[in-house]
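Below is one structure, written out as structure tokens, with a few remarks after it.
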Amino acid sequence: MGSLPAGRSWVGALDMSGNIWEWTSSLYESYPYDAKDGRERDTGSSTNVRRVLRGGSWINFNKKLLDTLYRLRGNSGDWNNGFGFRCARS
């Protein structure tokens, strides 16, 4: 759609907010965030850990859930049509 072209990503992707609940590597812990408190540790192949999802999804009709500051928690084995991930590089 491209309704906000000034917000495009470095690869030209548009309208990403609200597209999908994005899995993050962070374990779901209370705020304030502290990267040294263990929430960024590798948990191997465990699926019984709660991870943070961010960004909202087209499947939600509540505008509050589309805010990138809002976070959801899910077990890493959970799935939903509105869950996904982004590929990134440094």
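Nothing in this text is a laboratory measurement; each read-out follows from the coordinates by a stated rule. Model, not experiment: these values are computed from the prediction. Positions of Cβ are generated from backbone atoms using ideal geometry, with glycine treated the same way; all protein chains shown enter the neighbour counts.
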For this session: Based on other C-beta atoms within 10 Å, arrange Trp79, Trp23, Trp58 from fewest to most.
Result: Trp79, Trp58, Trp23
Seminar exercise, completed: Listing Leu14, Leu4 by rising number of other beta-carbon atoms within 10 angstrom, fewest first, gives Leu4, Leu14
Problem set entry | Sorted by Cβ density within 10 Å, fewest first, the residues Lys36, Lys63 | Lys36, Lys63
For this session: Note the full-extension length gain between Trp58 and Tyr70 as 0.36 nm times their separation in residues minus their Cα-Cα distance, in nm to one decimal.
Result: 2.9 nm
Exercise. Out of residues 5 or more away from Ser76 or on other chains, whose amide H comes under 5 Å of its own, with H placed 1.01 Å from N in the peptide plane?
Worked result: Val49, Arg51
For this session: Could you pull out which residues in the stretch 64-85 have an amide N less than 19 Å from a spot 7 Å beyond the Cα of Arg41, following the Cα-Cβ vector?
Result: 74-77
Exercise. Given H placed on each backbone N at 1.01 Å, which residues far from Tyr70 in sequence or on other chains put an amide H within less than 5 Å of it?
Worked result: Gly55
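Under the classification rounded if a/c is under 1.5, otherwise prolate if a/b is larger than b/c and oblate if not, where does the stretch 51-90 fall, given a ≥ b ≥ c as square roots of the Cα gyration tensor eigenvalues? Walk me through the numbers on the way to the answer.
Values: a/c = 1.64, a/b = 1.24, b/c = 1.32.
Oblate, because a/c is 1.5 or more while a/b does not exceed b/c.
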